[in-house]
Every structure is written in C-alpha cells, then in structure tokens.
Amino acid sequence: MVTAGRTLAQVSEASLLAEIFPFFPAREGVLVGPGDDAAVLVSGGSVVVTTDAMVRGRDWLDEWSTAADVATKVFTQNVADVAAMGATPTSLVVTLVADPATPADWAVEFARTLGDLATDAGVAVAGGDLSSAPSGTVMVSITALGDLRGRAAVLRSGARPGDTVAVHGTLGRSAAGLLLLQQEAGARGETDGARGACVAHHLRPVVDVVAGAAAADGGATAMLDVSDGLLRDGSRIAAASGVRLALDSALLEPDLVVLREAVGDAALESVLAGGEEHSLLATFVGTLGTLPPGWRPLGRVEEGEGVTLDGVAQQPRGWDHFAG
C-alpha cells in the first residue's frame, strides 16, 4: 500500500501498479486491459491514433500545478486531437517516466484523476508503462485512440472559399490564466470571476469529447484542436487547404469581454496567440446561422492565403515547441 511521504524509490513497481490499476476499470471494446504485455482492443473500422507528452519544468511547474492538474491537461490535449479528426475517443495508454525521488502520492493522484476523467468520458485506460528517470525529471505521455464509426476523417485540408470559420469552446483563457499565474503568486487560489475562470482553464482545460464527431456529422470541412494559438493553428488550416481564414474581431468579442476583466490590455493577444486552449476550430459549408449546436462563427474562408483579422494580414504567432 502506498502511504503518504513515500517516494517511488521506496515503492516497488508491482506495488505501485497494484495501487493504480483499480482506477482503470474494464470497459466495452477492451478485451485485455492493464496487466499483460499489451492490451487487446476491439475495432470495427478506421482507428484514429494520437500521442502527446508533458515534461515538468517545460509544460508545467510544480509551483502551481498538482498531479491532478497534469492528468487533466494531458488527457484533454489527447482526446481533443482525436475529436478534431471527427472521431470519438475510445481508449488510451499512459506512460509515466519519473525521478525515483518523486513522491509516490503524486503518481497515485495522477492515476486516480486520469481514471476519473476517462470514466466520465467513456474512455478506457488500456495500459501503459512506468520508467525511472534522472534527478528532477518527470514526464507523462498518453497515446489516445478513437473510432470514426464509419465517418471520413475531417482533415485540415478541406476548407473551401465560402465556408464559415467557427469555434467550439473558448479562446484565450488558458493564456490569460498562465499570465496571471506568472505575475501573481496567489493566482492559483482565485476561484471567482473572470480571473478565476482563466486560471482554472489553464490548470484544467476541458473539451467536449463528442463535439468533433457532431461537427463531422454537421458538415465540417476542416478541423483541428487549438493547442498552439488561434493564429498559428488557423494558419495550418489555411496552408493545408490553400485558402485564407478571414477573422472578424467583432465575433471574438464574447472571449474578449471575459479576458479584458482578467488581464486588461493582454486580452486580444491572449485570444490570437494563446495556446493550450484545446477548443475545436473548424470550417463549415454554409452561412453563419447554420452551424451545429455549440459552435459560433469567427469569420469566413476566402481565396488567398494565411489569416487576416478585419482584413489585416496576421503573422502565425503562437506556441512553438522549440522556438517558444
């Protein structure tokens, strides 16, 4: 039994696995789950696969992120990528690579939260891996699988002039929350109002796991997860499709109203370049008023290239894993 105050070095791998496996119950579609050399899954059609990793000191800081926060973020970024293809997330495998001096309770809380999130979303945790690492290192990684259920995948390359650009979810809140955490030591404790909402979204972003499949059924022509910023991710659709995304600042106002209260003059840049939002950005055939439920317009697809805001060309700024 893992007890408070013990490190991973003081707990055998078998004991740790015995502690965390109960957080990953069996689900339909998984014939063999955690415990064997590999999982055995049932698949009746096309399978979507994605993977994302997070590294302590690069993707989160222990000063304000708990194990539960890290589990939420790595879960969300993976299932959002599956949803962005028009698929329904079905299962995942998880890897934890950690300094043996890492508190064992950190690993247990990570697993407990991941199990709860997966259960709530109807996703199976089918297995994974544990490994030790050099001093100070903690890295977590998830590989997520999804089922297209007979649909064609929604790619970045399908946008056409005349389509509507739309978003499902918020914009800029994660970036604003990070800014508040960086500026104020007590920002994590804020739970009320716009500031609290932004901090909460940065620490524990959420995505509607069925929104991508619903968008595919509703006529989405291109789609992706806003992980690196509206401009950078929008430019990826534009480049892949050979079109221009023409954004309208008036349609960003629902996000800007909240962010001005939270971070003032940094609101617009948070919306345009803020990453780790994990909302879905898509293009749809038809007019602004014909979007599926939960989607709201941001602009139009035009002939041309890149992304514009009120007709002014924008550089594709946002997060880059190596350039920053």
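The values are calculated or read from the model by the stated rules, or taken from the named source; none is laboratory data. On a predicted model such as this, the values are computed, not experimentally measured, just so you know. Counting neighbours? That spans all protein chains shown, and the Cβs are built from the backbone with ideal geometry, glycine included.
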- Query: Which members of region 206-243 meet the condition of being surrounded by fewer than 22 Cβ atoms within 10 Å (Cβ to Cβ), more than 25 Å from VAL74 (Cβ to Cβ) and in contact with a helix residue (DSSP H, G or I) (Cβ under 7 Å, 6 or more places away or on another chain)?
  - Reply: none
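Within region 91-191, considering only strands (runs of 3 or more DSSP E) that don't extend past its boundaries, which have at least 1 residues that are acidic (Asp, Glu)?
Details: elements: 124-132, 138-147, 164-168.
Strands (runs of 3 or more DSSP E) meeting the threshold: 124-132, 138-147.
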- If the Cβ limit is 7 Å and pairs must be 6+ apart or interchain, which residue in region 61-82 that is outside the structural domain of VAL47 (by TED's automatic domain parsing) and under 19 Å from THR102 (Cβ atoms) pairs with which residue that is surrounded by fewer than 23 Cβ atoms within 10 Å (Cβ to Cβ) and hydroxyl-bearing (Ser, Thr, Tyr)? none
- Query: Looking at GLY289, is it outside any strand (DSSP E or B), modelled with pLDDT under 95 and among the small types (Gly, Ala, Ser)?
  - Reply: yes
- Message: Checking the conditions here, which among ALA53, ALA67, ALA87 is crowded, with 20+ Cβ neighbours inside 10 Å and either of a type in the set (Val, Ile, Thr) or closer than 25 Å to VAL199 by Cα (or both)?
- Response: ALA67
- Residue by residue through region 170-196, note down the ones that are in contact with an Asp or Glu (Cβ under 7 Å, 6 or more places away or on another chain), buried (at least 22 other Cβ atoms within 10 Å of the Cβ) and small (Gly, Ala, Ser). GLY172, SER174
- Here are some residues: GLY299, GLY264, GLY304. Which one is part of a loop (DSSP other than H, G, I, E, B) and either within 24 Å of ALA83 (Cβ to Cβ) or not hydroxyl-bearing (Ser, Thr, Tyr) (or both)? GLY304
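Of the residues that sit in region 161-186 and are among the aliphatic types (A, V, I, L, M) and out of contact with any Lys or Arg (no Cβ under 7 Å at 6 or more places or on another chain), which one is farthest from GLU305 (Cα to Cα)? Break it down stepwise before answering.
Of all residues in region 161-186, those among the aliphatic types (A, V, I, L, M) come to 165-167, 171, 175-176, 178-181, 185.
Now restrict to residues that are out of contact with any Lys or Arg (no Cβ under 7 Å at 6 or more places or on another chain): 171, 175-176, 178-179, 185.
Working: LEU171: 22, ALA175: 26, ALA176: 28, LEU178: 31, LEU179: 31, ALA185: 42 Å.
By that ranking, first place goes to ALA185.
Taking into account only those residues within region 1-49 that are outside any loop (DSSP other than H, G, I, E, B) and among the small types (Gly, Ala, Ser), which is modelled with the lowest pLDDT? Don't jump to the end; show me each part of the working.
Here is the first cut: in region 1-49, the ones outside any loop (DSSP other than H, G, I, E, B) are 7-10, 13-23, 30-32, 34, 36, 40-41, 47-49.
Retained after the next criterion (residues that are among the small types (Gly, Ala, Ser)): 9, 14-15, 18.
Working: ALA9: 91, ALA14: 84, SER15: 88, ALA18: 88.
The qualifying residue modelled with the lowest pLDDT is ALA14.
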